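Below is one structure, written out as structure tokens; comments come after it.
What follows draws every value from the coordinates through simple rules; no lab data is involved. Just so you know, these numbers come straight off a predicted model, no measurement behind them. Cβ atoms come from the backbone with ideal geometry, glycine included; neighbour counts cover every protein chain shown.
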Amino acid sequence: MCSFLDDYPATVQAMAGLLVPGGFFVQWDWERDDDGDAEDPEDAHGLSRAEITDALQSAGLEHVSVDVGFEAVVEDQVMRPLMGHGRRSTN
């Protein structure tokens, strides 16, 4: 879960640089609820689709995709893990 990293974009950049040409970066994280319904903003964990997409693209990865893997209901709350992936250029 990358949402707990101090600098998520910089970490993605560093990890993407370790991939062999054509290698894939794959991650999952809980989708953060950005609609302001969280009682305490500190309880809003996870990442948004835009944050994951931006980090993967900024790291130079191609064919970036971020989608919901599945939904799970936990204590009357719908949780959605986002699956993000991108590929390092073969050049």
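Using alpha-carbon pairs under 8 Å, 6+ residues apart, how would you state the relative contact order of the chain in percent? About 36 percent, as a whole number. For the chain, the longest principal axis of the Cα atoms and the long axis of helix 49-58 meet at an angle of about 20 degrees. Estimated from helices alone, the mean residue ellipticity of the chain at 222 nm is -6500 deg cm²/dmol (sum of -39500 (n - 2.57) over DSSP H runs with n ≥ 4, per residue). Using the Cα centre of the range 2-87 as origin and beta-carbon charges of +1 (Lys, Arg) and -1 (Asp, Glu), tell me which of Ala14, Met79, Ala50 is placed farthest towards the positive end of the dipole. Selected residue: Ala14. Counting only Cβ charges, +1 for Lys and Arg and -1 for Asp and Glu, the dipole size of the range 2-87 around its Cα centre is about 820 debye. Between Val68 and Leu5, the FRET efficiency estimated from the beta carbon spacing at R0 = 30 angstrom works out to 0.90. Averaged over residues, the count of other Cβ atoms within 10 Å places the peptides 72-83, 10-21 in the sequence 10-21, 72-83, highest first. Once you order the gyration tensor axes a ≥ b ≥ c over the Cα atoms, which shape class does the chain get: rounded for a/c under 1.5, otherwise prolate or oblate by comparing a/b with b/c? Prolate is the answer for the chain, as a/c is 1.5 or above and a/b outweighs b/c. Between the helical axis of 8-17 and the longest alpha-carbon principal axis of the chain there is an angle of about 30 degrees.
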